[in-house]
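Presented below is the structure to which this report refers.
The values are calculated or read from the model by the stated rules, or taken from the named source; none is laboratory data. Owing to the predicted nature of the structure, the values given are computational and were not obtained by experimental measurement. So basically every Cβ, Gly included, is an ideal-geometry build from the backbone, and we count neighbours across all protein chains shown. Side chains included, ligands, DNA and RNA excluded: accessible areas come from the protein's heavy atoms. Shrake-Rupley method; radii C 1.70, N 1.55, O 1.52, S 1.80 Å.
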Amino acid sequence: MASWNSFPLEITYETFGWLAFFSWTICFYPQAILNFRRKSVIGLNFDFVLLNLTKHSSYMIYNVCLYFSPVIQQQYFDKYGSGEMIPVAANDVAFSIHAVLLTAFFLFQIVIYDRGTQKVSKISIGIVCTVWFIIAICFFVALRSQSWLWLITIFNSVQVFMTVIKYIPQAFMNFARKSTDGFSIGNILLDFTGGLANYAQMAVQSIDQNSWVNFYGNIGKTLISLVSIFFDIIFMCQHFVLYPSRKTTVPSKLKQEYREPLVKSIDESASENV
């Protein structure tokens with residue numbers, strides 16, 4: 001296994017890694033707090049949460065297996081060369097485990113809080129069931145050939161696919177409602193920061209090793225950053241440009257009362273007494 005050539009770059013790598021970890025970790029809490037304060041999950045798309053749970057679960061399995069399994073690490077070195085570094089860091093493992101727990105907590109909030117007329121679509125349920133069915137088939141294929149690196153690569157591919165599609169229901173819902181009320185922008189700003197830091201971390205490792213294997217050897221980590229940044233920009237445009245928060249409007253009945261004079265004229269008083 002390769003070692004670092006530059007100590008400053010190693011420190012920079014760790015800094016970006018933990019910045020991504022804390023940004024992506026904290027980004028879950030604004031939405032959870034918003035749901036708690038409102039006692040409502042209206043505005044948070046349920047398909048987004050369900051797809052996100054499958055995405056983070058797949059990413060967690062990939063990170064945990066590649067980081068802790070000597071067998072899978074050896075298969076990685078056999079494929080990409082013993083001089084390469086494992087493209088999964090401790091912060092990747094910590095983040096993915098935390099992400100699964102917090103996304104599951106969102107599902108719990110959906111169960112106990114006001115949902116309005118929102119519900120999970122049959123399309124999202126079908127996608128999730130299909131994905132896990134395919135994974136089950138791949139597991140038995142890998143079990144026969146002991147191709148564990150190939151199997152976790154499937155998990156990595158799944159998390160990329162889910163990352164691409166998970167944002168679409170929320171973005172479409174914001175467009176349909178012409179509002180981002182109920183969807184925390186704090187979540188998006190922190191997610192955007194985490195995506196930039198995650199990509200920067202990979203770039204630092206590639207510069208130190210003078211090799212771009214880090215990017216295509218863990219294509220999932222590369223794409224998760226780019227896709228997240230892309231959709232975060234869309235959400236920020238929706239929130240700040242297209243559908244900015246409007247001031248609370250006064251009901252029309254109250255507006256009518258506010259337009260009436262505080263002291264009525266003599267003619268108006270006389271007509272009311274007739």
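Okay, here's what the table says:
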quantity: Given (1) assigned to a loop (DSSP other than H, G, I, E, B); (2) at pLDDT below 90; (3) within 30 Å of residue 239 (Cα to Cα), index of the condition residue 42 fails; calculated: (2)
quantity: Pairs with Cβ under 8 Å, 6+ apart, first in region 46-63 and acidic (Asp, Glu), second open to solvent by 10 Å² or more (accessible area, probe 1.4 Å) and not in a helix (DSSP H, G or I); calculated: 47/120; 47/121
quantity: Condition met for residue 108 (open to solvent by 80 Å² or more (accessible area, probe 1.4 Å), hydrophobic (A, V, I, L, M, F, W, C) and within 24 Å of residue 187 (Cβ to Cβ)); calculated: yes
quantity: Hits in region 107-145 (condition: aromatic (Phe, Trp, Tyr) and under 13 Å from residue 46 (Cα atoms)); calculated: 108, 113
quantity: Meets criteria (crowded, with 16+ Cβ neighbours inside 10 Å, within 22 Å of residue 192 (Cβ to Cβ) and modelled with pLDDT of 90 or more) for residue 25; calculated: no
quantity: Which listed residue is aromatic (Phe, Trp, Tyr) and over 22 Å from residue 85 (Cα atoms), from 167, 199; calculated: 167
quantity: Any chance residue 222 is within 24 Å of residue 20 (Cα to Cα), touching a Phe, Trp or Tyr at 6+ places or on another chain (Cβ under 6 Å) and among the hydroxyl-bearing types (Ser, Thr, Tyr); calculated: yes
quantity: Cβ-Cβ under 9 Å pairs, at least 6 apart or on other chains, region 106-119 side part of a loop (DSSP other than H, G, I, E, B) and modelled with pLDDT under 95, far side open to solvent by 50 Å² or more (accessible area, probe 1.4 Å) and not small (Gly, Ala, Ser); calculated: 115/42; 116/42; 117/42; 118/42
quantity: Index of the failed condition, residue 36 passing every other in (1) in a helix (DSSP H, G or I); (2) crowded, with 20+ Cβ neighbours inside 10 Å; calculated: (2)
quantity: Test result for residue 222, modelled with pLDDT under 85, more than 30 Å from residue 11 (Cα to Cα) and not small (Gly, Ala, Ser); calculated: no
quantity: Residues being open to solvent by 50 Å² or more (accessible area, probe 1.4 Å), closer than 19 Å to residue 160 by Cβ and not in a helix (DSSP H, G or I) - total across region 209-219; calculated: 1
quantity: Check on residue 97, hydrophobic (A, V, I, L, M, F, W, C) and closer than 18 Å to residue 199 by Cα; calculated: no
quantity: Selection within region 223-237 - open to solvent by less than 40 Å² (accessible area, probe 1.4 Å) and either touching a residue at least 60 places away in the same chain (Cβ under 8 Å) or closer than 20 Å to residue 75 by Cβ (or both); calculated: 224, 227, 228, 231, 235
quantity: Considering residues of region 184-208 that are more than 30 Å from residue 40 (Cβ to Cβ) and surrounded by fewer than 19 Cβ atoms within 10 Å (Cβ to Cβ) only, the residue modelled with the highest pLDDT; calculated: 196
quantity: Any hit, region 5-21, residues being of a type outside the set (Ser, Thr, Tyr), touching a residue at least 12 places away in the same chain (Cβ under 8 Å), assigned to a loop (DSSP other than H, G, I, E, B) and out of contact with any Ser or Thr (no Cβ under 9 Å at 6 or more places or on another chain); calculated: yes
quantity: Breaking point among (1) closer than 25 Å to residue 232 by Cβ; (2) without any contact (Cβ under 8 Å) to a residue 40 or more places away in the chain; (3) not basic (Lys, Arg), for residue 94; calculated: (2)
